[in-house]
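The values are calculated or read from the model by the stated rules, or taken from the named source; none is laboratory data. It should be emphasised that the depicted structure is a prediction, and the values quoted were computed from it without experimental measurement. Backbone-built Cβ (ideal geometry, glycine too); neighbour counts: all protein chains shown. Just the protein is used for accessible areas: all its heavy atoms, side chains included, with ligands, DNA and RNA removed. Shrake-Rupley method; radii C 1.70, N 1.55, O 1.52, S 1.80 Å.
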Amino acid sequence: MPQVLTYGIPADMQQGLRPGMRAEVSLGRNKQYAGVIARLHNDRPEAYEVKPVRSIIDDEPVVNDTQLKFWQWITHYYMAAPGEVMQAALPAHLKLMGETRLQWLPKDGAVYEWSDEAFLAAEALELRSELTMSELRGIVGIRYVAQVLNELLEQQVILINDTLEQSYRPKTERIITLAAAYKEEQAMIALFDELARAPRQLDLIMAYTELAHKNKVVRQHDLLQRANAGAAQIKALTDKGVFLISEVEIGRLQYTGTEEIKAIEFTPAQQVAYNELDKGLEEKDVALLHGVTGSGKTLLYIRKIKECIAQGKQAIFLLPEIGLTTQLVSRLYAYFGEELGVYHSRFSNNERVEIWQKVQQGKYKIIAGPRSALWLPYNEVGLIIVDEEHDVSYKQRDPAPRFHARDAAVYLASLHNAKVILGSATPSVETLFNAAQGKYAQVSLRERYLGVNMPSIEIVNAKSLETMRQQNIKLLTPELQQAMQDTLTKKKQIILFQNRRGYAPFQLCTACGWVPHCKNCAVSLTYHKSTDKMHCHYCGLRSPVITICPACGGNRLVSKSYGTEKIEEEVQQLFPKARVARMDVDSMRGKKNLSELLEQLDKQKIDVLVGTQMVVKGLDFAQVALVGILSADSLLSYPDFRVNERAFQLMEQVSGRAGRMDGAGRVIIQAYNLTHPVLHWVQAHDVKAFYETEIKYREQFAYPPYTRLIKIIFRHRDEPKAIHAAAQMAQALNTIEGIQVQGPVPALVARVRNQYIQEVWIKCPRDTRLLDKVKTFLKAQRSTITAQRGNTSLQVLFDVDPVG
């Protein structure tokens, strides 16, 4: 919903009512929802008649006061609707909605006379036993709904049920206990004699005795397995009064670790950095921990988390991707055991509710996860760690709220009076700027763990690939091939990085220049060899491979450029004995695909890993000795003001995967433009030189961190309407003094899912009052534009602090 709604609280429900509880409310025709109570007040709205709350769902709030304040800030700062924030924050099974249902309850043997319309409804009810009101409308038509409903009620054949149903179901388990009468030794001896002729039941009793001696409780599953028996034998003993069966609620998320909790041991460099971090957090609420790749920042985080927990507070450990969570969690369990909880989208809806409840009850002292971990109901947070704080994955793109988890974490910490540590080997320009301005404390960790050397970086001229064409080698330069051969001989592992998935990013007719495009989006189709189909990476369309050009009728279609699938194929061609794996969105779709791949890497069952930016995200494998960056030029030519920052971060981060254990790491970067300054900053691991150059251009051209950006997105199936609406918004914005308005312009991908996209960009000085004024104006102008005739399907979206 775009705004909060006011409902009346009946007098008998008012006692003990608090914000954060869920209430059952009616909205629209025959729809029931669970709404979260945001505020209690006595201000009757004048614009609409107040409906009463139907019931209060909870005895205690499911959302606490601090969360509600956090939601409110996200709503205001990122220009989101309250309903969008609630939708993102609450697990699905806490968001209840229902619809009036008609249950079929005819009298036995009765014969009914119906009108034609009511006959259709009665027949459907007889077949299905239950219909929703919307299904009834679909069967009989809107015009006859009231008439049919009256007929069904008059004949007393339906029961109307309009209650909400809880989606969450606790997991239960059957526990077997011995009846009290058989706990005496004499009674057990008599039972053994009695069951002498029923050997299967006797086996069950013997197995029960053994399990009861070992464990506090005996689970039915374990008992059946131990005795190799079936449910029939359990039932027979229950009917005889020997066994009692009870359903006991258990958690879906059981900690099964048995290892001892590890102690933390710092190197001298880590101890110095830790002392500086301690001092910095005494003076500032936020500290930047700038540590080179492989410097052991995680150990510093763990020590700070332990201190936080010792004070009786909770800690949040944010990671940019689920993939990082998988590898890090196994390390964190060794230090925190069952006090650690993990939260991300690959958990089931029921599991997410249980994590929510455990955080609320204080059972989890530390939560690790991506940006969604910020939404949990923490009681008192003492520390938030944002690891790899530069990563663009912290920014939510679609759907709203389009918030940045790093910035939101800083605000959430302020609500709890907590401290924040931002960690990275390649901090974002904004974070480095805040540290330079004295807003954040800054701590540096300049050497790798145990003094291990940084990897050596070689920049190789990709023109040497031209000499390899005759051998059908198109992607790996001779230098990279030789380095791979040397690495494989030493039984070490290799990572090859290319930020494009698929086999060939596009096909081209060499006769007329035609390129196959998606029919729904303004992008070329990518060929995927794994499916032997052309894919659109924006709308998901799949179409057969084209062999004849529809424009000229020729058959001279060739694949251009290359993705991870083609690299994987070429590596297997060059090194047939090497075990090659691929890590990209296509190969990691399953719930356990990623964890299984990481386990194989760890056990050295993979020699060469080919991947997109997923391989950049802080993976830590001791045996990786070589990293190849196959196309640096593609990273450096993206049309965005942050292109140098992104390219520097990606190349520096992927380079950091090499030689983390012994310092014998090697990185080979293939490029055509060998003079690009970013390549030399990466080669020297020189963050300072990169930042000093980049910040000058940001100031000169008025880009963040010197300004705030707001992107306004217009989507419509009719391109002229999207253009007109964007032009109207830009014209209105030009009346505001002190801001720069750019556009309207087509988006980089100007059509997605048959929606044409126009953009207007605003540069606003770092002035909170002016920014609030612009936001208020934008919302009002959106209402004006969307209310115009013909604009009902126009979408106007706001993205505050966009990242691309």
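Brief remarks on what is shown
- With 20 Å as the limit on Cα-Cα distance, the pairs of K284/K358; K304/K395; K171/K365; K577/K603; K284/K304 that go past it are K284/K358; K304/K395; K171/K365.
- Whole-Hz ³J(HN,Hα) from phi, Karplus 6.51 cos²θ - 1.76 cosθ + 1.60, for segment 391-398, glycine and proline x: 5, 5, 5, 5, 8, 6, 9, 9
- The chain - accessible surface per residue (Å², probe 1.4 Å): 49
- Shape of segment 349-400, Cα gyration tensor, a/c cut at 1.5: oblate
- Label corresponding to Rg and Dmax of the Cα atoms in Å when calculated from the structure given, among (1) 31.6, 97; (2) 28.6, 93; (3) 30.2, 97: (1)
- Counting heavy atoms of the protein chains alone, T786 has an accessible area of about 40 Å² for a 1.4 Å probe.
- Accessible surface of segment 503-590, 1.4 Å probe, proportion on carbon and sulfur as whole %: 51
- Sequence-ordered 3J(HN,Hα) estimates for segment 554-564 from the Karplus curve with 6.51, -1.76 and 1.60 and θ = phi - 60° stand at x, 10, 9, 8, 10, 7, 10, 6, 7, x, 4 Hz, glycine and proline given as x.
- Coil-residue trypsin sites (Lys or Arg not before Pro) of segment 389-453, DSSP, other Cβ within 10 Å capped at 16: R397, K439, R446
- For the chain, relative contact order (Cα pairs under 8 Å, six or more residues apart, normalised by length) works out to 10 percent.
- Surface composition of segment 99-217: carbon plus sulfur atoms hold 50% of the accessible area, using a 1.4 angstrom probe and ignoring ligands, DNA and RNA.
- Proximal lysines to K51, defined as alpha-carbon separation beneath 23 angstrom and excluding residues fewer than eight positions away on the same chain: K31, K95
- Measuring with a 1.4 angstrom probe and ignoring ligands and nucleic acids, V682 comes out at about 0 Å² accessible.
- With DNA, RNA and ligands ignored, accessible area of S414 (1.4 Å probe; Å², nearest 10): 70
- Between the C-alpha center of segment 1-48 and that of segment 284-336 there is a gap of 40 Å.
- Relative contact order of segment 1-82, pairs being alpha-carbon contacts under 8 Å that are 6 or more residues apart, as %: 38
- Of all DSSP-defined beta bridges confined to the chain, some 55% are antiparallel rather than parallel.
- Cβ screening of the chain for cysteine pairs under 4.7 Å finds these without a partner: C308, C539, C764.
- Here the 3J(HN,Hα) profile of segment 699-712, calculated from phi with Karplus coefficients 6.51, -1.76 and 1.60 at θ = phi - 60°, is 5, 4, 9, 6, 10, x, x, 7, 9, 10, 9, 10, 9, 10 Hz, Gly and Pro shown as x.
- If you take all other residues with their beta carbon under 10 Å from the beta carbon of I176, and give Lys and Arg +1 and Asp and Glu -1, the sum is +1.
- Relative contact order (percent, whole number), segment 484-571, Cα cutoff 8 Å, 6+ residue spacing: 34
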